[in-house]
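Trainee: Handing you a structure now.
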Amino acid sequence: MPRILLVDDDDRLASMVADYLRGNQFDVCHAETGGQAKVELQKQTFDLILLDLMLPDTDGITLFRELQSQPSVRTIPVIMLTARGDPTDKVIGLEVGAEDYVAKPFEPRELLARIRVVLRRGERAAPMSDILRFGRLEIDRGSRVVWVDGEEKQLTSYQFDLMLAMAERAGRVLSRETLAGLAREDHHSYDPALDRSVDVHIARIRSAIEDNPKHPRRILTVRGAGYVFAKAQH
Amino acid sequence: MSRLYLRIYLAVFGSLIVFALLAGLSVFAGWLLEEDHYNPFPDRAGEIAERILPASKTPEEIERELEFWQERTGFAFILLAPDGVVLAEAGELPRRFRIDRIRERDGPFWWPRGTFGLTFEDGRKLVAIRPRFGRPTSRSFGFFAILIGIAIAVAIAAYPVVRQLTRRLERLEQGVAEFGGGNLSARVDIAGRDEIARLGKTFNTSADRIEALLLAHKTLLANASHELRSPLSRLRMALERLPGSNQGTAQAEIARNIEELDQLVEEILLASRLQAGNTGMLKDERVDLAGLLAEECAAYDAELNVPDGSDIIVNGDARLLRRLIRNLLENAARYGGDAGIEVTAGLGAGEAWAKVCDRGPGVPEDEREKIFEPFYRMKQAAESKGGVGLGLALVRQIAEKHGGRVRCLARDGGGSCFEVRLPVHGA
C-alpha cells in the first residue's frame, strides 16, 4: 500500500482527505506543521508528499526546499496543494520542482488521479530538465518518449520531432511552413517521403496524445494561421 | 516659470534693483534740493546788483565781487558793458557758451538751461550761468554703480540661500514622488522646525498611515484566498463522502455552486488586486495572443480564425490575458445563445485585436457600456444563468492595465461582438 504524507494545517479537511485516500487503498499520515512533517519523514519512509502551501510555522515552498536538501527525502515526489489565485501559486510550485499541484477546492477524484499518475511516474529516473511536462502529458527529450497519464504513447521519429518542436514553443502559433522547417531541422535523418503534409502528421500525433482527438486540447488549430501547442493543459 | 527657486531669486534680485534705483533717485533728488546747488539766481540778483551797481567801483573790485559770488553760488558770471565788451568774468563758462546771443538780449531774461540775464539802468548786463551738472552727475553715476554692485553682490550671496531653501522643497517633493511611485517605505528627512519641516512631518505621518492601511489590505488579499477556500475545499470533500450516488442532482447542484463560489472568490480577489494598482503582480512578457485564444477556444468549442495569418504578439501578463479571454468566452457561452462562438483575431493600426462574437439576443445600445461595470446585470438576464457580473469588469480592467480597451458592438445578423484592442509587442 503506497504511503502518503499529508501536510496541511486544516485538520478538518485533512481528516476527510485522509479518510478518502484510505478508502482508495492508500496509507496516509497527517502532519499539521512543517516541523511535524520533518519528524514524520525521519521516522518512516513515504512514497509521496501532499504539501499545503500555507502552514502555520512555514510556507510550503520553504519546507519543500528544505526537504530537497536531504538526500533520503529528495526522491519522494511532492504534489503541492494551493489556493488558486494565491500570490504563491502553481507557477512557483512547479518552478521549485514539485511534481504537480492541485488547486483548492479540488475535486477529490482529480486529486486521486494526480496521485496515481505521480506514483506511476515514480520509477523513472530521468533528469528533470530533460522532461517537458504539460499537465498529464510528459515528453522525455532524452529517451524520446511521450507519456499521457504515465502511459507511453507511440509516435514515429518524425512525429516526435514535430511534436517536440511545437511543445518547446508551447503557446506560440506556428504556421505549417515554420513547423515543417523546424521538424526537418531537428530531424537527423531527413526523409522527404515522410514530409508529406504537416496536417497528416498533426492528425496522427493528435490521435496518439489527445484524450479525444475530435476535440483536441493539446494541439490546437488556428484557422488561417497554423497550429499551437497548448501551454496550459490538464 | 516653473522653478520656484528662480522665482524667489528673481523676486529678491528685482527688489534689490528697485531698491538701488529708488535709493539712487532719492540721493540725487537730495543733491538737487541741497541749498548750495539750488541757487535760483534771481533771488540773489538784487543783492549782487546792489554791490555791482555803483559805477564808482573799479573793474578789479567788480571782478572780486563776482568771484566772491561765484564761489558762494557756483554760478559763473559775466558783466558786459552796454556795448557788449566783457567788463568782468568769474568762473568757468560752458564750452559752447555763445556770448553774442547774450549781447542781443535786453532786459531780464531767463534761458531754460540756467542762464539768467539782467540789464542795469546804466546799460551793463550781468549774466549768471548755472553750473552744469558734469561733476555731480558723474559722482551720482558712480553712486549708482556702487549700488548696483552691492545689489549684484547681495544677489550672488542670496543665491545659495534661496537655493538651499528650495532644495529642501525639492527633496520633499522627491520623497513624496517616490512614495507616490509605489515605494511605500519612502519617507522624507526632517530638518529644522519651519513650515517645510512641518510639511515633511505631516507627510511622513500620512505616509505611515497609508502604508499601514495598504499593508493590512495586502495581508487581507494574501490570506483571503486561502481562508475563503478552506471551507469550500471542506465542503467539496464532504460532498464526495455523502452516502448515495455521486450522480444525484442535489449533489451536482451543490458541486456547481461550490464551483461558482470558487470563481467568485477568485474574481473578487483579482479585481481588488488590480484595483489596488499592485503593479508588481503585472508581468511583462511576450504573449502570443492567437495561441492563448486557441487554447481557451478549445475549452469552449469555439472556432478561432486568424484571417491574415499574422503573428499576434503583445506585451503583458499571460495569466491575466488568459483570464480576459476566458471571461469573454464564458460570457458568450452563458448569454450568447447556442449557435456557437466565433472568435477572430488580427493586427491593425499598431494594435492587436480579438473579437468574440455570438448569436445571442445582443446588448441594447444604452447598456453596452454599463455591462463593463462591476456587478451590473442586464435587465433581461436571468439570474439562473450564473455569473455575478464581475467577468466583464475584469476584462475591462485587464485590458486597460495592458494599455488597451474593450467594447461591445452589435453584430450584423443578430448577437453581439466583444472587441479587445491591445498594443502590439514593441509598440
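The values are calculated or read from the model by the stated rules, or taken from the named source; none is laboratory data. Computed from a predicted model, the values in this text were never measured in an experiment. Reconstructed Cβ throughout: ideal geometry from the backbone, glycine too, with neighbour counts over all protein chains shown.
Trainee: Say we look at region A:216-234 and pick out the residues that are more than 7 Å from chain B (Cβ to nearest Cβ) and assigned to a loop (DSSP other than H, G, I, E, B); which of these is nearest to B:P307 (Cα to Cα)? Talk me through it step by step, then tell me what you get.
Mentor: Just the residues of region A:216-234 that are more than 7 Å from chain B (Cβ to nearest Cβ), to begin with: A:218-219, A:221, A:226-227, A:229, A:233-234.
Filter once more, so that each one left must be assigned to a loop (DSSP other than H, G, I, E, B): A:218, A:233-234.
Values: A:R218: 22, A:Q233: 26, A:H234: 29 Å.
Looking at the filtered set, the residue picked out is A:R218.
Trainee: Go through (1) surrounded by fewer than 18 Cβ atoms within 10 Å (Cβ to Cβ); (2) more than 7 Å from every other protein chain (Cβ to nearest Cβ) and name the single condition B:A345 misses.
Mentor: (1)
Trainee: For A:I76, indicate whether it is assigned to a loop (DSSP other than H, G, I, E, B) and either of a type in the set (A, V, I, L, M) or closer than 21 Å to B:L239 by Cβ (or both).
Mentor: Values: assigned to a loop (DSSP other than H, G, I, E, B): yes; either of a type in the set (A, V, I, L, M) or closer than 21 Å to B:L239 by Cβ (or both): yes.
Judged against the criteria, A:I76 is a match.
Trainee: Give just the number: which of (1) touching a Leu at 6+ places or on another chain (Cβ under 6 Å); (2) farther than 23 Å from A:P216 by Cβ; (3) facing another protein chain (nearest Cβ under 7 Å); (4) in contact (Cβ under 8 Å) with a residue 24 or more places away in the chain does B:S233 not satisfy?
Mentor: Condition not satisfied by B:S233: (4).
Trainee: Working only within region A:36-62, note down all residues that are assigned to a helix (DSSP H, G or I), touching a strand residue (DSSP E or B) at 6+ places or on another chain (Cβ under 9 Å) and modelled with pLDDT under 85.
Mentor: A:G60, A:I61
Trainee: Also, I was wondering about something else. Find the residue count for region A:1-35, including only residues that are part of a helix (DSSP H, G or I) and out of contact with any His (no Cβ under 9 Å at 6 or more places or on another chain). Before the answer, list the steps.
Mentor: First pass over region A:1-35, keeping only residues part of a helix (DSSP H, G or I): A:11-23, A:34-35.
Still in the running and out of contact with any His (no Cβ under 9 Å at 6 or more places or on another chain): A:12-13, A:16, A:19-23, A:34-35.
Summing the residues that are part of a helix (DSSP H, G or I) and out of contact with any His (no Cβ under 9 Å at 6 or more places or on another chain) in region A:1-35 gives 10.
Trainee: Tell me which residues, restricted to region B:290-332, are of a type in the set (D, E, K, R) and either facing chain A (nearest Cβ under 7 Å) or surrounded by fewer than 24 Cβ atoms within 10 Å (Cβ to Cβ) (or both). Steps first, answer last, please.
Mentor: Within region B:290-332, the subset of a type in the set (D, E, K, R) is B:295-296, B:301, B:303, B:308, B:311, B:317, B:319, B:322-323, B:326, B:330.
Within region B:290-332, B:E295, B:D301, B:E303, B:D308, B:D311, B:D317, B:R319, B:R322, B:R323, B:R326, B:E330 meet the criteria.
Trainee: Then there's this: Regarding B:A250, is this residue hydrophobic (A, V, I, L, M, F, W, C), surrounded by fewer than 18 Cβ atoms within 10 Å (Cβ to Cβ) and touching a helix residue (DSSP H, G or I) at 6+ places or on another chain (Cβ under 9 Å)? Give the derivation first.
Mentor: Numbers: hydrophobic (A, V, I, L, M, F, W, C): yes; surrounded by fewer than 18 Cβ atoms within 10 Å (Cβ to Cβ): yes; touching a helix residue (DSSP H, G or I) at 6+ places or on another chain (Cβ under 9 Å): no.
Here the answer is no, as B:A250 does not meet what is asked.
Trainee: Still on this structure, I have one more. In region B:215-238, which residues are surrounded by 17 or more Cβ atoms within 10 Å (Cβ to Cβ) and either touching a Gly at 6+ places or on another chain (Cβ under 6 Å) or within 21 Å of B:N183 (Cβ to Cβ) (or both)?
Mentor: Across region B:215-238, the qualifying residues are B:L221, B:S225.
Trainee: Next up: Please report, ordered by residue number, the strands (runs of 3 or more DSSP E) entirely within region A:98-179 with at least 1 residues that are under 30 Å from B:G346 (Cα atoms). So that I can check it myself, show each step before the final result.
Mentor: On the way: elements: A:100-104, A:131-134, A:137-140, A:145-148, A:151-153.
Counting at least 1 such residues, we get A:131-134.
Trainee: Also: Only residues that are more than 20 Å from the chain's Cα centre (by Cα), small (G, A, S) and within 21 Å of B:L214 (Cβ to Cβ): list them for region B:148-199, please.
Mentor: B:G182, B:S185, B:A186 - these are the residues of region B:148-199 that are more than 20 Å from the chain's Cα centre (by Cα), small (G, A, S) and within 21 Å of B:L214 (Cβ to Cβ).
Trainee: If you go through region A:1-29 one residue at a time, how many are more than 14 Å from chain B (Cβ to nearest Cβ) and touching a Ser or Thr at 6+ places or on another chain (Cβ under 9 Å)? Don't jump to the end; show me each part of the working.
Mentor: In the first step, residues of region A:1-29 are kept if they are more than 14 Å from chain B (Cβ to nearest Cβ); the result is A:1-5, A:7, A:25-27, A:29.
Okay, now just the ones that are also touching a Ser or Thr at 6+ places or on another chain (Cβ under 9 Å), so A:3, A:7.
The qualifying residues number 2.
Trainee: Quickly run through region B:313-342 and pick out the residues that are over 46 Å from the mean Cα position of the chain (by Cα), within 25 Å of A:L174 (Cβ to Cβ) and among the hydrophobic types (A, V, I, L, M, F, W, C).
Mentor: The one that is over 46 Å from the mean Cα position of the chain (by Cα), within 25 Å of A:L174 (Cβ to Cβ) and among the hydrophobic types (A, V, I, L, M, F, W, C): B:I341.
Trainee: If you don't mind, there's one more thing I want to ask. Kindly indicate whether B:G360 is out of contact with any Leu (no Cβ under 8 Å at 6 or more places or on another chain), assigned to a loop (DSSP other than H, G, I, E, B) and surrounded by 20 or more Cβ atoms within 10 Å (Cβ to Cβ). Break it down into steps so the answer makes sense when it comes.
Mentor: Details: out of contact with any Leu (no Cβ under 8 Å at 6 or more places or on another chain): yes; assigned to a loop (DSSP other than H, G, I, E, B): yes; surrounded by 20 or more Cβ atoms within 10 Å (Cβ to Cβ): yes.
Criteria met by B:G360.
Trainee: Check off (1) within 7 Å of chain A (Cβ to nearest Cβ); (2) not in a strand (DSSP E or B) for B:L261 and give me the number that stays unchecked.
Mentor: Result: B:L261 fails condition (1) only.
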